[in-house]
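Take a look at the structure set out below.
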Amino acid sequence: MPRLATRLLAWYAKNKRSMPWRDHPDPYAIWVSEIMLQQTRVETVVPYFQKWMKLFPTIPVLAQARERDVLNAWEGLGYYSRARNLHKAAKIIAEKFNGQLPRNLDDLRSLPGIGRYTVGAIASMAFKMDEPTLDGNLRRVFSRLYDVTEFADSPAGEKILWELAAQNLPTGQAGDYNQALMDLGATICLPKNPKCPNCPIRRFCLASQNETQALRPLLKPKKKTPHYLYVAAVMVRRGRVLLTQRPAEGLLAGMWEFPQARVEAHPQGELAKAINAAYSLTLQKPEALGVVQHAYTHFKATVHAFRCMALSIPKKKNLKWVKLTDLETYPMGKVSREIAKLLAESRPFSLY
């Protein structure tokens, strides 16, 4: 076994983080955790994982669940395509693989939402195969260990890092090795101010020797994030509130929200015209309900919510009057859920 792997595994045996999916006997649990952990912190994932496994304890149960229930269980984690892909993949597994996550790597790759990183994670952690993987923590660790000067988020940099991920893989212990690297990146080889004196493999680290830790990984310059202004119309009538369902594809696909539209500069002044153009709703008597800020992957949004009365409501499939008491059962993105909280905290519903 390579000396680097030996030292890292010894450190991991004493310092590994406790997580409910670690050493779980069901590969399904490893799969769910790896999908949840994509672009999401461990401490955020833990309660969602525990809730998910209670609601959908097996792949067949998940396959038979309603999409609405799946999205409700995921609400708050963001990147909802991950939940939809889990659901789609579960249906495929139930039909083609007898409800068991396939061990064959090509079969794993064929499933929705399972890319190269997830294949490596599942294969090594769930099936004890000698497969490398490469998440954000591992990218950072390998970029520093080998002082990689290529952009880590470029095709050339990715190729180098995958090769390095496979280079010291210990036979029969790839799962622990990959998790050890993840823990190292999460607790010691931090993005900023890495704790180099505490690193068990510092002697192998070229960036430490060259004092380039702060420069690694090298990433391509990011474009400035655009900031957009939106308005949302909150219409309550006889204990019900009007919601709209987003299209089946794209951002927050299939989620429910209060009718909203993008405006240029004057939220209250542009509210009626913007909502009418988007939904053919005629509004009157707008009252400010509150403002919600949110950052999406590629843009930031400021949403001004207004309570309104509607003079006309067109009959459209994507518009629905929902009981206020049922709002929690409709999956929403963070912005609309915050607006729902503002509504709950506002004046009594009987006034509307």
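Derivation of every value follows stated rules applied to the coordinates shown; laboratory data play no part. Computed from a predicted model, the values in this text were never measured in an experiment. We place every Cβ from the backbone using ideal geometry, glycine too, and count neighbours over all the protein chains shown.
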Checklist outcome for this item: By Cβ neighbour count within 10 Å, fewest first, H298, H24 rank H298, H24
Item to check | 13 Å beta-carbon shell around M182, net charge (K/R +1, D/E -1) | outcome: +2
Next on the checklist: Under 10 Å, Cα contacts only: if you run a Gaussian network model on the chain, which one of K222, K88, K316 comes out with the highest mean-square fluctuation?
Outcome noted: K222
Item to check | All aspartates and glutamates inside 17 Å of K91 as judged from Cα atoms, apart from same-chain residues fewer than 8 positions distant | outcome: E67, D69, D107
Checklist entry - If eta is 0.692 mPa s and T is 37 °C, what Stokes-Einstein diffusion coefficient results for the stretch 227-351, Kirkwood Rh from Cα pairs, in µm²/s? => result 225 µm²/s
Next on the checklist: Compute a Gaussian network model of the chain, connecting alpha carbons closer than 10 Å, and tell me which residue from S208, S336, S124 fluctuates the most.
Outcome noted: S208
Item to check | Expected 222 nm ellipticity per residue - DSSP helices of 4 or more, -39500 (n - 2.57), all of the chain, to 500 | outcome: -12500 deg cm²/dmol
Checklist outcome for this item: With a Förster distance of 56 angstrom and the Cβ-Cβ distance between K128 and L251, calculated FRET efficiency to the nearest 0.05 equals 0.90
Next on the checklist: Below 8 Å, C-alpha to C-alpha, sequence gap of six or more: please give me the relative contact order for the stretch 227-351 in percent.
Outcome noted: 33 percent
Checklist entry - Tell me, what is the FRET efficiency for K223 and K14 to the nearest 0.05, using R0 = 35 angstrom and their Cβ-Cβ distance as r? => result 0.25
Next on the checklist: At R0 = 22 Å, how high is the FRET efficiency between R103 and Q38 if r is their beta carbon distance? Nearest 0.05 is fine.
Outcome noted: 0.50
Next on the checklist: Along the Cα→Cβ direction, 7 angstrom out, place labels at T325 and N276. What is the inter-label distance in nm?
Outcome noted: 3.6 nm
Checklist entry - Taking K and R as +1 and D and E as -1, what net charge do the other residues with C-beta under 15 Å from the C-beta of K54 add up to? => result -1
Checklist entry - Separation of the stretch 258-318 and the stretch 148-213 by C-alpha centroid, Å? => result 47 Å
Next on the checklist: Checking the cross-link filter: which aspartates and glutamates have an alpha carbon closer than 15 Å to that of K300, excluding same-chain neighbours under 8 positions apart?
Outcome noted: E264
Next on the checklist: Given contacts defined as C-alpha pairs under 8 Å and at least six residues apart, what's the relative contact order of the chain, whole-number percent?
Outcome noted: 15 percent
Checklist entry - At what distance in nm do the modelled label points of K315 and T297 sit from each other, each positioned 7 Å from its Cα along Cα→Cβ? => result 3.8 nm
